[in-house]
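The values are calculated or read from the model by the stated rules, or taken from the named source; none is laboratory data. Remember, predicted model here, so these are calculated numbers, not experimental data. Cβ placement follows ideal geometry from the backbone for every residue including glycine, while neighbour counts extend to all protein chains displayed. Areas reflect the complete protein model, heavy atoms only, side chains present, ligands, DNA and RNA absent. Shrake-Rupley method; radii C 1.70, N 1.55, O 1.52, S 1.80 Å.
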There are 2 protein chains.
Amino acid sequence: MAGYVPGEQPARKRLIKLNTNENPYPPSPKVLAATREAVDGRLRLYPDPAATRLRTRLAKLHQCEPENILVGNGSDELLAVCIRACVEPLRSVAATRRGAATVQYFDPSYSLYPVLAETHGARRHAVRLDTDFGLPTPGADSSGSGWEPRAALSLVTTPNAPSGRGYRTSELRRLCKATDGVVVLDEAYADFADENALDLASELRNVVILRTFSKAYSLCFQRIGYAVAHADLIAELAKVRDSYSVNGLGQVAALATLSDRAYYRESIARIRTSRDALASSLEVLGFRVLPSQTNFLFVEPPALSAEDWFKELRERRILVRWFAGQRLRRYLRITIGTDDEVAALLRAAKRILAA
Amino acid sequence: MAGYVPGEQPARKRLIKLNTNENPYPPSPKVLAATREAVDGRLRLYPDPAATRLRTRLAKLHQCEPENILVGNGSDELLAVCIRACVEPLRSVAATRRGAATVQYFDPSYSLYPVLAETHGARRHAVRLDTDFGLPTPGADSSGSGWEPRAALSLVTTPNAPSGRGYRTSELRRLCKATDGVVVLDEAYADFADENALDLASELRNVVILRTFSKAYSLCFQRIGYAVAHADLIAELAKVRDSYSVNGLGQVAALATLSDRAYYRESIARIRTSRDALASSLEVLGFRVLPSQTNFLFVEPPALSAEDWFKELRERRILVRWFAGQRLRRYLRITIGTDDEVAALLRAAKRILAA
């Protein structure tokens, strides 16, 4: 098998990095101070394997119990944990039970999903999103390529990446209710959206909400994600998680983040404002910009192919993401940067168009 | 299934914690300074998924290439990675091929091994170490409970935990050569031993050496372990590893550790000296102390049962580890602490014996 290929992390300095959906703003000064202060003799000790303080604070924030929360080494670990806990390897099940071995996800969505499914020996079932990346209607497709209500695990990026499209909670509820297996709503970008589906974690027993501190909370470096779900489901997931997977300084930083929410509300608002402004400016230049509920834009560029735009921008030291697949090759995915980075991108785009 | 039960991480302060084999000494001042300095705006960025700088430095240290090294989120993650890469789920293989689904390990050894094997749906094969915890001779046992040369993966803690016994490289070489599958030599405690088997990673294509920064390098909190093996094997392991699993501050701290080796040589020497002194003192009190090549002692206490010793010590705010299993219930595992902690342990032991 081939492994997952992460977005480029260039060693070159002074590159404008709009390719991996990182937050352009640093963590709050209070978070940095709290993390620095924790760098002392305690580093010799194992971190709390249950991340108790962090779970308690998250439970308060989300009006649930600590037993409804599992903290992981980024939400990537929790995706793998969900697969291990919910899905049987394909070769171990009878043909009539292949739903028990199925990991279902949308095409396009997070390209790590099929890699994790393959690693587990699961059956991969990619359900094609319609042309504007809207959700399918369960049961509407009888061709065999539609949504399978019996899939042991379904992974739904909401808002969707790479398209940036958001989904209504009512639509997601319908999808989850029509599904027998566990449905993970991967809300990595939910903080940038108008609504989120967190309520479904308490409403439906088969729903896992995944959140991360990487995007809206500027903590990629420290790998903290979490799952919210029914306590029984969380208990099963916890059994197959590596007990010490969540590093201690990450726990400290995440806890401090929850004590400084005003700072993050402001930086999230700033990113949303920049996003909408950049969308308008790119439209003026002839780009087709898809509606975004995330911290990035998915755009169809004018004049040149998306691949050529990717190369031209890279020559001007601006890194965006281009996906080579048949369906996505027309698009570029552009992370919202600082005001200066966005201005530099627009200047470069104008020069490329003029050339 | 039941999950792994980690050693107790008590919330109570002023407890003497000799139960999870942590290093009693903090990381070096230079490591703390380098880590503190790295707590800045970079936290918003993804860490290097390949841990390139750390791998380059480790390669230099071990006189191999960066391609021979894989860094993980503690060596616990790398154990799980080895199982996922090398072992097929039992229900997916024909009866004649059950070796392909077998994870083999010694009893007693690290209690996480069977949990990881069960999570993967692998067949677990526990090979009983002889009464003094020495290695078996491959092929000598025809009862079916001996060493299986066809096991897809064998996990060998060397020096052994919880017994503390070390193994000669020549013995380990013989065992690895007699095995078709991959053999992991889990050298978590090797820095405290008289010899290590690192050379086998370059000598034999089926050997993976696991090392950690948690024990000798006082970085439990930051979760850094690594594997050393043939480049082809490392490449396969890397494919099933979560690409961003190694947090950034952990990479910074580990790198700084490698630049201050004199500090750690000294603290390792100190622990070895304390270990040997504590062993003598406990023997004087009537304890049977097994030879140790690690940072802990495995002892059979006099007068009371080991379980009662565990409880008595706990009442005196001293935490050691006691294992409830049939074979281990006679023993206590005691981590080497600071001089003050060791003195407190001895005082408590004398009082318990006097009572």
> Cβ under 15 Å from B:Ala343's Cβ, B:Ala343 left aside: what net charge do those residues give with Lys, Arg +1 and Asp, Glu -1?
Replying inline: +4
> Put the label 7 Å from Cα along Cα→Cβ for B:Glu283; what are its distances to the other copies, in nanometres, shortest first?
Replying inline: 8.3
>> If I build a Gaussian network model for chain B, linking alpha-carbon pairs within less than 10 angstrom, which residue out of B:Ser75, B:Ser111, B:Ser92 has the largest mean-square fluctuation?
In response: B:Ser92
>> I'd like the antiparallel share, as a percent to the nearest 5, of DSSP beta bridges with both residues in region B:29-259.
In response: 35
> For peptide B:234-244, how many partner chain Cβ atoms fall within 10 Å of a residue's Cβ, on average?
Replying inline: 5
> If you add up the charges near B:Val182, with Lys and Arg at +1 and Asp and Glu at -1, over every other residue whose beta carbon is less than 14 angstrom from its beta carbon, what do you get?
Replying inline: -2
>> Give the average, rounded to an integer, of partner chain Cβ atoms located within 10 angstrom of each Cβ in A:77-84.
In response: 2
> Put the label 7 Å from Cα along Cα→Cβ for B:Glu315; what are its distances to the other copies, in nanometres, shortest first?
Replying inline: 8.1
> How big is the gap, in Å, between the Cα center of region A:197-227 and the Cα center of region A:175-192?
Replying inline: 11
> What accessible area per residue, rounded to a whole number of Å², is obtained for region B:29-259 using a probe radius of 1.4 Å?
Replying inline: 36
> What average count of beta carbons from other chains do you get within 10 Å of the Cβ of residues in A:41-54?
Replying inline: 6
> Cβ under 14 Å from B:Asp232's Cβ, B:Asp232 left aside: what net charge do those residues give with Lys, Arg +1 and Asp, Glu -1?
Replying inline: -1
> Quick one: with all protein chains in place, what share of the accessible area of region B:29-259 is carbon or sulfur, to the nearest percent (1.4 Å probe)?
Replying inline: 48
> Dipole of the protein assembly as shown, Cα-centred, from +1 at each Lys and Arg C-beta and -1 at each Asp and Glu C-beta, to the nearest 20 debye?
Replying inline: 560
> Farthest toward the dipole's positive end in chain B, which of B:Tyr331, B:Ile83, B:Ser145, given Cβ charges of +1 (Lys, Arg) and -1 (Asp, Glu) about the Cα centre?
Replying inline: B:Tyr331
> If you take the charge dipole of region A:221-287 about its Cα centre, with +1 on Lys and Arg Cβ and -1 on Asp and Glu Cβ, which of A:Ser280, A:Tyr264, A:Val240 is farthest toward its positive end?
Replying inline: A:Tyr264
> Using a label point 7 angstrom from Cα along Cα-to-C-beta, what distances in nm, from shortest up, separate B:Leu61 from the other copies?
Replying inline: 3.5
>> Tell me the total accessible area that B and A bury against each other, 1.4 angstrom probe, in square angstrom rounded to 100.
In response: 5000
> Given the options A:Gln251, A:Gln222, A:Gln326, which has the most mean-square fluctuation in a GNM of chain A, springs set between C-alpha atoms less than 10 angstrom apart?
Replying inline: A:Gln326
>> With a 10 Å cut-off between alpha carbons and a GNM built on chain B, which of B:Tyr226, B:Tyr263, B:Tyr217 moves the most?
In response: B:Tyr263
>> Give me the count of lysine pairs in chain B whose alpha carbons sit under 26 angstrom apart, restricted to pairs 8 or more positions apart or on different chains.
In response: 14
> Going from most exposed to least, what order do B:Asp339, A:Asp48 have by accessible area with a 1.4 Å probe?
Replying inline: B:Asp339, A:Asp48
